[in-house]
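Undergrad: Got a structure here, written out as structure tokens. Questions coming.
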Protein chains: 2
Amino acid sequence: MSAPDRRTGRSGSTRRQFLLGGAVAGVGAAAAVGGDAALRAVAAEPAPAPPHGEGTVPFFGPHQAGIATDAQAHGLFVALDLLDGTDRPALTRMMRILTDDAARLTQGEPALADSEPELAAAPAHLTVTFGVGPRFVDRARGRAPDWLGPLPAFGVDRLRPELSDGDLLLQIAADDPLTVAHAARMLLKDTRSFATVRWSQQGFRRAHGTVRPGTTMRNLFGQVDGTVNPVPGTPDFDEVVWSTRDWLAGGTSVVVRRIGMDLDRWDRLDRSGREQSVGRYLSNGAPLTGTREHDEPDFAATTEIGFPVIPEFSHVRRARSEDPAERIFRRSYNYDDRPVGDGISLSGLIFVSYQADVDRQFVPIQRRLDRLDLLNEWTVPVGSAVFAVPPGCAEGGFVGETLLA
Amino acid sequence: MSAPDRRTGRSGSTRRQFLLGGAVAGVGAAAAVGGDAALRAVAAEPAPAPPHGEGTVPFFGPHQAGIATDAQAHGLFVALDLLDGTDRPALTRMMRILTDDAARLTQGEPALADSEPELAAAPAHLTVTFGVGPRFVDRARGRAPDWLGPLPAFGVDRLRPELSDGDLLLQIAADDPLTVAHAARMLLKDTRSFATVRWSQQGFRRAHGTVRPGTTMRNLFGQVDGTVNPVPGTPDFDEVVWSTRDWLAGGTSVVVRRIGMDLDRWDRLDRSGREQSVGRYLSNGAPLTGTREHDEPDFAATTEIGFPVIPEFSHVRRARSEDPAERIFRRSYNYDDRPVGDGISLSGLIFVSYQADVDRQFVPIQRRLDRLDLLNEWTVPVGSAVFAVPPGCAEGGFVGETLLA
């Protein structure tokens with residue numbers, strides 16, 4: 001996977017030349033001295049990173065990483081538009097290059113011709129996950145699944161085109177924000193001949209070590225968010241997430257929706273009102289009929305005077321289906337932009353869900369929520385995109401090969 | 001320090017009412033049930049956070065926290081403009097409220113009437129540090145130090161007013177991004193009657209656990225940044241940082257400058273050229289005349305043909321003074337905004353330095369860098385602000401009391 005001729009215009013000696021460098025104009029002699037001493041310094045002081053920063057997630061495999069991977073603290077989502085001239089051979093070149101970048105960076109190695117190789121040394125569980133939009137599939141001359149394209153229009157949507165859709169998605173996630181920044185730069189530099197950035201969204205969850213592993217995340221409303229989620233490594237997860245069809249076998253789909261949360265209006269609601277709107281306690285995420293987060297909600301339970309304990313309009317009831325096929329795997333991130341002036345917050349959720357079939361699994365849930373979910377009072381979707389996520393690849397292969405090779 | 005009447009319009013029972021809540025319109029009966037069960041759930045499932053998220057930095061003391069504190073992974077800088085009506089009594093009210101918020105939140109307790117109390121449970125070494133601008137001091141009827149105001153104009157500056165100056169600074173820093181987001185919201189809600197947000201800048205360093213404690217940070221150029229820095233807890237640090245004058249005794253000053261870094265042009269420079277421009281190796285930050293980061297640079301060393309090994313125009317040489325008074329304590333953060341379209345990066349450094357006297361310590365260094373520093377080729381200051389940082393306070397007191405009480 002390191003054959004240099006796969007990277008347009010770069011030879012195998014490029015990185016070495018780069019690291020040891022020629023002279024910058026006007027400082028030739030000093031630069032030559034610097035080059036030699038730099039080599040000695042590298043040899044003399046290896047600086048092993050401590051365990052967590054060194055941690056890696058395997059890149060190669062039947063599925064792409066970053067899906068069944070425990071969600072890292074920082075997630076960057078970048079959607080690109082293909083340039084007009086990016087045809088099938090160009091798509092293949094691009095995906096080979098990006099696969100090579102991702103394979104190296106996720107293992108803590110610099111990308112080929114990495115301009116800041118030292119920033120690659122702490123992968124911190126970096127994963128890079130690729131998704132493709134309908135135009136990508138068309139140009140690759142593949143058959144797009146029926147669900148690949150914009151979601152049906154929902155009544156709650158106030159979508160902005162500059163936060164929606166796209167031809168290629170990069171999900172870049174790690175437990176360190178500098179690692180994410182460096183990986184994003186290296187990957188985007190290598191897309192420059194093929195595509196431009198359409199939108200970019202940066203999100204966070206709790207930092208590694210803040211809470212115990214396995215703790216369900218909280219969103220900026222303070223809610224425990226993501227309790228009902230298939231568990232990676234179980235047959236249940238595999239059934240919900242992995243596709244078995246055509247070039248997408250071993251792959252999946254991802255829905256990325258930017259959902260603004262009106263914290264100012266939410267704060268005017270009292271605590272019980274908030275718990276009613278979700279159907280769960282804020283304290284620990286337990287359903288209003290239970291005491292622990294993973295207790296099964298009792299939708300039949302009523303109060304002394306006959307009202308349902310978990311209201312009809314609560315999020316947890318509206319999201320639940322009797323049909324076991326209508327399930328998704330959520331892997332969302334919070335966002336918090338800083339407004340100026342009178343605004344206090346410009347915050348929300350980058351809702352991210354993986355599922356084998358968008359129409360069969362995601363859409364029915366969203367339709368129910370769209371029709372009646374009290375949370376709609378304080379939330380508004382402003383961005384929406386759907387991508388097909390190709391399967392992983394083996395060493396020597398590349399992501400997208402089932403579509404392009 | 002918890003006397004409720006210091007918070008305008010809030011009584012001591014507010015938080016309890018808030019937590020246990022009345023009914024939201026239309027769901028009265030169910031809400032009442034929810035309230036009782038919520039109490040039981042809180043009692044049944046205390047969820048102690050693991051060590052790092054639980055970690056706190058003392059709030060009260062002779063100096064404000066967040067200066068000598070090991071720099072946390074995430075730093076948010078918010079500058080506010082005072083409203084016209086915010087007079088001396090209002091400033092006192094505001095600073096009492098903000099002090100109370102900060103004292104609670106930094107210890108992992110909800111602010112009074114915290115709208116999302118669960119988000120306060122993991123302080124993750126949160127600190128809140130307050131700075132005041134010239135207009136704040138005027139309205140407080142204090143005597144402003146000579147250096148409090150905009151810095152002298154430097155030739156390299158391309159300052160944007162909307163990223164510069166301000167009347168009140170909040171530096172909110174923690175090892176967890178959700179903790180920072182929550183603290184910012186609670187604090188800014190309590191400034192709403194007194195001020196509006198002028199600018200806001202969000203930065204990051206390596207996450208806790210990515211590299212070994214004590215490792216000097218790297219900026220997005222890949223440079224080791226901050227090697228020559230006084231060490232907190234030493235007499236040297238105390239001399240550089242803490243003021244001894246007037247109401248500022250035990251306080252200091254902070255310079256916050258947003259410095260754009262042109263990564264695309266930087267990447268066109270070869271490795272030796274980069275090392276020449278800084279005067280240090282990229283690999284480990286050692287001076288070009290040494291092998292280890294903290295080796296003393298030998299500015300007299302020359303190459304075989306007589307050129308200085310550390311060039312005249314290098315950053316490390318220009319930043320160094322023969323005058324031991326010309327030293328500062330740096331505590332900077334990286335930023336990385338995501339551009340759309342052809343841009344790859346919109347990145348740089350939130351340069352933050354603390355020093356007892358801006359004119360005596362910071363300005364001479366910046367003058368030398370302004371006149372001749374090769375790094376100026378790839379960097380451009382776009383924001384600049386100076387604040388006086390009052391001393392800390394004891395329990396029962398408030399930050400700013402030496403100016404306002």
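Undergrad: Do you know which residues across segment B:210-221 are surrounded by fewer than 23 Cβ atoms within 10 Å (Cβ to Cβ), at the interface with chain A (Cβ under 8 Å from one of its Cβ atoms) and either touching a residue at least 12 places away in the same chain (Cβ under 8 Å) or touching a Phe, Trp or Tyr at 6+ places or on another chain (Cβ under 9 Å) (or both)?
TA: If the condition is that a residue be surrounded by fewer than 23 Cβ atoms within 10 Å (Cβ to Cβ), at the interface with chain A (Cβ under 8 Å from one of its Cβ atoms) and either touching a residue at least 12 places away in the same chain (Cβ under 8 Å) or touching a Phe, Trp or Tyr at 6+ places or on another chain (Cβ under 9 Å) (or both), then B:Leu220 is the only one that fits.
Undergrad: From the list B:Ser253, B:Ser345, B:Ser332, which residue is farther than 29 Å from B:Phe130 by Cα and among the hydroxyl-bearing types (Ser, Thr, Tyr)?
TA: Answer to the selection: B:Ser345.
Undergrad: Let me ask you something else. Determine which member of the set A:Gly142, A:Gly166 is closer than 30 Å to A:Ala405 by Cα, in a loop (DSSP other than H, G, I, E, B) and more than 20 Å from the chain's Cα centre (by Cα). Walk me through it before giving the result.
TA: Numbers: A:Gly166 fails: more than 20 Å from the chain's Cα centre (by Cα).
Of the residues listed, the single one that is closer than 30 Å to A:Ala405 by Cα, in a loop (DSSP other than H, G, I, E, B) and more than 20 Å from the chain's Cα centre (by Cα) is A:Gly142.
Undergrad: May I pose another question? Kindly provide the set of residues from segment B:182-208 that are of a type in the set (A, V, I, L, M, F, W, C) and within 22 Å of A:Asp267 (Cβ to Cβ), ordered by number.
TA: Hits for segment B:182-208 are B:Ala183, B:Ala184, B:Met186, B:Leu187, B:Leu188, B:Phe194, B:Ala195, B:Val197.
Undergrad: Among the residues that make up segment B:219-237, is at least one of them within 26 Å of B:Cys393 (Cβ to Cβ) and in contact with a His (Cβ under 8 Å, 6 or more places away or on another chain)?
TA: No.
Undergrad: All but one of (1) out of contact with any helix residue (DSSP H, G or I) (no Cβ under 6 Å at 6 or more places or on another chain); (2) touching a residue at least 60 places away in the same chain (Cβ under 8 Å); (3) within 30 Å of B:Val132 (Cα to Cα) hold for B:Glu293, so report the exception by its number.
TA: (3)
Undergrad: When residues of segment B:232-258 are filtered for being surrounded by fewer than 21 Cβ atoms within 10 Å (Cβ to Cβ) and either touching a Leu at 6+ places or on another chain (Cβ under 6 Å) or of a type in the set (Lys, Arg) (or both), how many remain?
TA: 1
Undergrad: Shifting gears a bit: Go through segment B:33-59 and give me each residue that's crowded, with 18+ Cβ neighbours inside 10 Å and modelled with pLDDT of 90 or more. Lay out the reasoning, then the answer.
TA: The initial filter retains those residues of segment B:33-59 that are crowded, with 18+ Cβ neighbours inside 10 Å, namely B:33-35, B:37-38, B:41, B:49, B:52-53, B:55, B:57, B:59.
Across segment B:33-59, the qualifying residues are B:Gly53, B:Gly55, B:Val57, B:Phe59.
Undergrad: In segment A:47-89, how many residues are more than 9 Å from chain B (Cβ to nearest Cβ), in contact with a strand residue (DSSP E or B) (Cβ under 9 Å, 6 or more places away or on another chain) and part of a loop (DSSP other than H, G, I, E, B)?
TA: Adding up the residues that qualify gives 13.
Undergrad: I'm trying to understand the selection: among the residues of segment B:95-121, which are under 28 Å from B:Ala207 (Cβ atoms), assigned to a loop (DSSP other than H, G, I, E, B) and at pLDDT below 95? Before you say what the answer is, go through the steps one by one.
TA: The first filter runs over segment B:95-121 and keeps only residues under 28 Å from B:Ala207 (Cβ atoms), leaving B:98, B:101-111, B:114-121.
From what's left, assigned to a loop (DSSP other than H, G, I, E, B): B:106-111, B:114-116, B:121.
Passing the criteria: B:Asp114, B:Ser115, B:Glu116, B:Ala121.
Undergrad: Considering each residue of segment A:236-260, count those that are in contact with a helix residue (DSSP H, G or I) (Cβ under 7 Å, 6 or more places away or on another chain) and within 16 Å of A:Gly203 (Cα to Cα), and give that number.
TA: Total satisfying the criteria: 2.
Undergrad: Output the helices (runs of 4 or more DSSP H) that fall wholly within segment B:253-330 and possess 2 or more residues being at negative phi and away from chain A (no Cβ under 13 Å), or say none.
TA: Where helices (runs of 4 or more DSSP H) fall fully within segment B:253-330 and carry at least 2 residues being at negative phi and away from chain A (no Cβ under 13 Å), they are B:315-319.
Undergrad: Could you list all residues from segment A:73-86 that are of a type in the set (S, T, N, Q) and either touching a Leu at 6+ places or on another chain (Cβ under 8 Å) or without any contact (Cβ under 8 Å) to a residue 12 or more places away in the chain (or both)?
TA: Once the filter is applied, which keeps residues that are of a type in the set (S, T, N, Q) and either touching a Leu at 6+ places or on another chain (Cβ under 8 Å) or without any contact (Cβ under 8 Å) to a residue 12 or more places away in the chain (or both), segment A:73-86 yields nothing.
Undergrad: Does B:Ala207 count as more than 7 Å from every other protein chain (Cβ to nearest Cβ) and not in a strand (DSSP E or B)?
TA: So B:Ala207 does not fit the description; no.
Undergrad: If you check B:Thr179 against the conditions, is it modelled with pLDDT of 95 or more and either among the hydroxyl-bearing types (Ser, Thr, Tyr) or within 22 Å of A:Arg205 (Cβ to Cβ) (or both)? Step through it out loud before you land on a result.
TA: Values: modelled with pLDDT of 95 or more: yes; either among the hydroxyl-bearing types (Ser, Thr, Tyr) or within 22 Å of A:Arg205 (Cβ to Cβ) (or both): yes.
So B:Thr179 passes the test.
Undergrad: Go through B:Thr92, B:Thr129 for me and flag whichever is outside any loop (DSSP other than H, G, I, E, B), among the β-branched types (Val, Ile, Thr) and over 29 Å from A:Gly203 (Cβ atoms).
TA: B:Thr92
Undergrad: Does B:Asp87 satisfy the condition of being surrounded by fewer than 21 Cβ atoms within 10 Å (Cβ to Cβ), within 23 Å of the chain's Cα centre (by Cα) and at pLDDT 50 or above?
TA: Here the answer is no, as B:Asp87 does not meet what is asked.
Undergrad: From the list B:Ala124, B:Ala181, B:Ala153, B:Ala173, which one is within 10 Å of chain A (Cβ to nearest Cβ) and either among the β-branched types (Val, Ile, Thr) or out of contact with any helix residue (DSSP H, G or I) (no Cβ under 6 Å at 6 or more places or on another chain) (or both)? Spell out how you get there, then give the answer.
TA: On the way: B:Ala124 fails: either among the β-branched types (Val, Ile, Thr) or out of contact with any helix residue (DSSP H, G or I) (no Cβ under 6 Å at 6 or more places or on another chain) (or both); B:Ala153 fails: within 10 Å of chain A (Cβ to nearest Cβ); B:Ala173 fails: within 10 Å of chain A (Cβ to nearest Cβ).
The unique qualifying residue is B:Ala181.
Undergrad: To continue, here is another question. Checking A:Pro230 against (1) under 30 Å from A:His52 (Cβ atoms); (2) touching a Gly at 6+ places or on another chain (Cβ under 8 Å); (3) not hydrophobic (A, V, I, L, M, F, W, C), only one condition comes out false. Which one?
TA: (2)
Undergrad: Let me ask another. Counting only residues that are within 18 Å of A:Asp190 (Cβ to Cβ) and touching a residue at least 40 places away in the same chain (Cβ under 8 Å), which one in segment B:338-352 is nearest to the chain's Cα centre (by Cα)?
TA: Among residues in segment B:338-352 that are within 18 Å of A:Asp190 (Cβ to Cβ) and touching a residue at least 40 places away in the same chain (Cβ under 8 Å), the one nearest to the chain's Cα centre (by Cα) is B:Ser347.
Per-residue answers, yes or no, for (1) more than 10 Å from every other protein chain (Cβ to nearest Cβ); (2) within 23 Å of B:Arg160 (Cβ to Cβ); (3) surrounded by fewer than 21 Cβ atoms within 10 Å (Cβ to Cβ); (4) touching a helix residue (DSSP H, G or I) at 6+ places or on another chain (Cβ under 9 Å):
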site: B:Gly343; (1), (2), (3), (4): no, yes, yes, yes
site: B:Leu349; (1), (2), (3), (4): yes, yes, no, no
site: B:Tyr354; (1), (2), (3), (4): yes, no, no, yes
site: B:Gln361; (1), (2), (3), (4): yes, no, no, yes
site: B:Arg368; (1), (2), (3), (4): yes, no, yes, yes
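The values are calculated or read from the model by the stated rules, or taken from the named source; none is laboratory data. Note that the coordinates shown come from a computational prediction; the quantities given were computed from them, not determined experimentally. Here the Cβ is made from the backbone with ideal geometry for all residues, glycine too, and neighbour counts use every protein chain on show.
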